[in-house]
Structures are given as structure tokens and as C-alpha cells.
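The values are calculated or read from the model by the stated rules, or taken from the named source; none is laboratory data. Quick caveat: nothing in here was measured; it's all calculated off a predicted structure. Cβ placement follows ideal geometry from the backbone for every residue including glycine, while neighbour counts extend to all protein chains displayed.
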Amino acid sequence: MSQRPIGFGIWGTGMIAEFHAKALAEIAGVKLVTAYNRSPAKGREFAIKYGIEFAETPEALLANPAVDIVCLCTPSGDHLAPALACAKAGKHVVVEKPLEVTLARCDELTTACAKAGVTVAGILPRRFGAGAVALKAAIETGRFGQLTMAGALIPWWRTQAYYDSAAWRGTFALDGGGALMNQGIHTIDLLLWFLGPPKRVSATAGLVAHGGIEVEDVATGWIEFANGCRATIAGSTACWSTTGFPAEIRIHGTSGSAVLRDDKLTAFEFEKPLPSDAAQVATATEGGGAGANDPKAIGHAWHRANLEEAIVAIRAGRQPTVNGTEGRKAVELILALYQSAQTSGAPVDLPLRADPMLAKLGGKAI
């Protein structure tokens, strides 16, 4: 693999595959080779657009000797089976968020890949934004003192047409959840990355503005972290706006406070300021949009950085920073919030003792 470009295949050629293809085109030393979609027409259209081969079957994709790594861009609840097939074929896998929609599937996926000796890299690209990196560094160097309070707000909008555009959208089986699992997972992952393991959660959720779907379009709750910090969380796809409101994270401590809106630090204040702090606040994000109103309105710069780090790790024979274990964390927290919502907000302790059976929710609001 070191003597030639690292070859990529893409399994699933829907909207998110476009970001992978664009990102890979900008990374030196890699080549997008082929793609597969269960709809031959969509798969061929994608292949023609990016000048690559179309694999008629999954077996054809996996049998291609030029493919070293496969990006899984299938629906959220259809990551396990393709990942197992990749592991069996000896291909490394890059899995779009969420890793899977249940903890049992997350664990089966990572265990099978580990046994096969292939790497699992997750896609949680907001960790790679300049603002998020600066905030993480400030936390790790203790500039906030004792972390006391935090908040995550995702006031987004999705039209009814968005949910009607594909049969799998808005189902627990293939979407895994709604405003938290599908849209909010990026912000939730950042909250975990910043604050560490959660200890206890409570939540309420419901379906208030869309029809014909099983999942929530609004959810609120609180999280108690092991380090003593308390956080509120609110996520929705029912918050209309002309241009869309950014996802926001607030971090407060005994000696510092910060506000991250998408990937721009709009506040970065400390009891002991540094000369570089003001520049951090003035730095514009490179993300190019974050999908508040339109899931297609997202730049691929964060995906590129996420994929670049995974590629470096695979070349070096080490785990990427966003691996299967990291990808599982946000899924577990979201499932705990869902479990609480199913029981009228009763607190749920973490780690979870059992995997919540989301399929039992059917079409009921939670």
C-alpha cells in the first residue's frame, strides 16, 4: 500500500458520499477507485460524475485489489452488515456517523474489524475545526479551572419534504433516531470530547412538527458528567429560520468561559488571558456551512481533515483519533437520553446496562 496511492471505495452513493468524494480528491496519495450503490442508476451516475468505476455488486467492490479502504455511506442503521463484509475481505473501513444505531451493533462492528486486523475510522468531522481544537486545548491545559456548567443547542430546521425524500428517513430501524441521533450527534460528540464521560442523564422528546416519521423532532434534557460539570442539551429539526441558526456549545468553569457557534469561537474569556485569545475569537471558520437548514449546505473541509487523520493512522499502523471506541460514545449518550425520554424523564445512569430497544417505539412520539 505504501508503494502506490491508497485506494478508496465508497459503499452507498447518497448525499453524504459527495462529501467523501470531494474530500478524497483533495488529499495527496489517495485515489477514489470505485463505488457501489444498490440502485445501479444512482451508482453509475455517481461513478460517471467522479470518473471512477461502478461496482455492480458489493462483492465486486470488495474484490477489487486496488481498494484498501471503504467509506460506508449507507443509512445509519445499515452500517453493520457492510462493515462485516469489509472486515472479511480485509478492507479498512471509514464509517459515517453514527457508528451504528445500537450499542450491540457498534460492538459487533468494532470487534469483527479488530479480529480481522482492519481499522475502523469514524466520521465525526467537527472535532477537526480550528475553533473546536482551540477549545479542546484550553480545556486540557486547565484554563477553565473547575468545569461547572455547559450547554449544547441545535435549533435546526428540516422540511417535511426532507423526511419524505427517502423511505428510511425518520425511521428508528435505519435513521436510529431523529434530531439527536441524526442531526445533533456532531454537537453531542463535541460535548463529550470536551467534558469527558457522562454519569447521568434525563430527557424529554417528542414529534411536534412533522408527520409520517417515527423519530423525534425536538428533545431537551440535562447531563451530569463524571467531573461534576452539569450541562443542558436541546436539539430540534423544527426550528424554522430563513438562513438557519448555528449549533452552539457553551463551556463555563471557575476561571474561564467560551462559546462555540458551529466552529467559530464567539467568546473565549479567561481569568488569566493570553495574547492569542483575541485572535482565536476573530478567526473565521473554514467549515463552509453546517447544515442548519439544508443538509447539503455543508463544506467538506472538516471531512477532509477527518479522512486525512484516518489515512495517516492507517499508514502508520495505529488507531485513528476517531476510532470505533470514540464513535460509540455519542451513540451511548443519545440512547441514554432516549431511554430517559421513554420513561417520562426518569434519570438514566451511564454506562448503560442494557441496549435500549428503539424498534419497540414504533410510530409513537417519545
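Observations on the structure shown:
- Ala85 falls short on exactly one of the conditions (1) assigned to a helix (DSSP H, G or I); (2) touching a strand residue (DSSP E or B) at 6+ places or on another chain (Cβ under 7 Å); (3) not acidic (Asp, Glu), and that condition is (2).
- Cross-chain or 6+ apart pairs with Cβ under 8 Å, the stretch 145-173 first and at positive phi and in the same structural domain as Tyr338 (by TED's automatic domain parsing), then loosely packed, with under 15 Cβ neighbours inside 10 Å and outside any helix (DSSP H, G or I): Gly145/Thr254; Gly145/Ser255; Gly145/Glu271; Gly170/Gly212
- Identity of the residue in the stretch 41-81, within 16 Å of His20 (Cα to Cα) and β-branched (Val, Ile, Thr), that ends up surrounded by the fewest Cβ atoms within 10 Å (Cβ to Cβ): Ile48
- Residue identified as buried (at least 16 other Cβ atoms within 10 Å of the Cβ) and in contact with a Ser or Thr (Cβ under 7 Å, 6 or more places away or on another chain) among Gly9, Gly14: Gly9
- Pairs, first more than 18 Å from Gly142 (Cβ to Cβ) in the stretch 251-278, second of a type in the set (Ser, Thr, Tyr), C-beta under 7 Å, six or more apart: Val259/Thr266; Asp262/Thr285; Asp263/Thr285; Lys264/Thr285; Ala267/Ser257
One line per residue, one yes/no per condition, for (1) outside the structural domain of Thr242 (by TED's automatic domain parsing); (2) over 30 Å from Thr111 (Cβ atoms); (3) surrounded by fewer than 20 Cβ atoms within 10 Å (Cβ to Cβ); (4) at pLDDT 95 or above:
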residue	(1), (2), (3), (4)
Leu274	no, yes, yes, yes
Gly289	yes, yes, yes, no
Glu308	yes, no, yes, yes
Leu350	no, no, yes, yes
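- Condition met for Ala209 (farther than 21 Å from His303 by Cβ, part of a loop (DSSP other than H, G, I, E, B), in contact (Cβ under 8 Å) with a residue 24 or more places away in the chain and aliphatic (A, V, I, L, M)): yes
- Scanning the stretch 19-53 for residues that are part of a helix (DSSP H, G or I) and either in contact (Cβ under 8 Å) with a residue 60 or more places away in the chain or not assigned by TED's automatic domain parsing to the domain that holds Thr74 (or both), we see that the one that is nearest to Pro82 (Cα to Cα) is His20.
- Residues of the stretch 4-18 that are of a type outside the set (Asp, Glu), in a helix (DSSP H, G or I) and modelled with pLDDT of 95 or more: Ile16, Ala17.
- Those residues of the stretch 322-355 which are among the polar types (S, T, N, Q) and over 17 Å from Leu192 (Cα atoms), in sequence order: Gln339, Ser340, Gln342, Thr343, Ser344
- Any hit, the stretch 124-131, residues being in a loop (DSSP other than H, G, I, E, B), touching a residue at least 12 places away in the same chain (Cβ under 8 Å) and crowded, with 20+ Cβ neighbours inside 10 Å: yes
- For the stretch 80-113, filtering for residues that are closer than 21 Å to Ala330 by Cβ and in contact with a helix residue (DSSP H, G or I) (Cβ under 8 Å, 6 or more places away or on another chain) leaves 22.
- Residues that are outside any loop (DSSP other than H, G, I, E, B), touching a residue at least 40 places away in the same chain (Cβ under 8 Å) and not hydrophobic (A, V, I, L, M, F, W, C), drawn from the stretch 328-348: Arg328, Lys329, Glu332, Tyr338, Ser340
- Flag if Arg200 is assigned by TED's automatic domain parsing to the domain that holds Asp355, in a loop (DSSP other than H, G, I, E, B) and either touching a strand residue (DSSP E or B) at 6+ places or on another chain (Cβ under 9 Å) or touching a residue at least 60 places away in the same chain (Cβ under 8 Å) (or both): no
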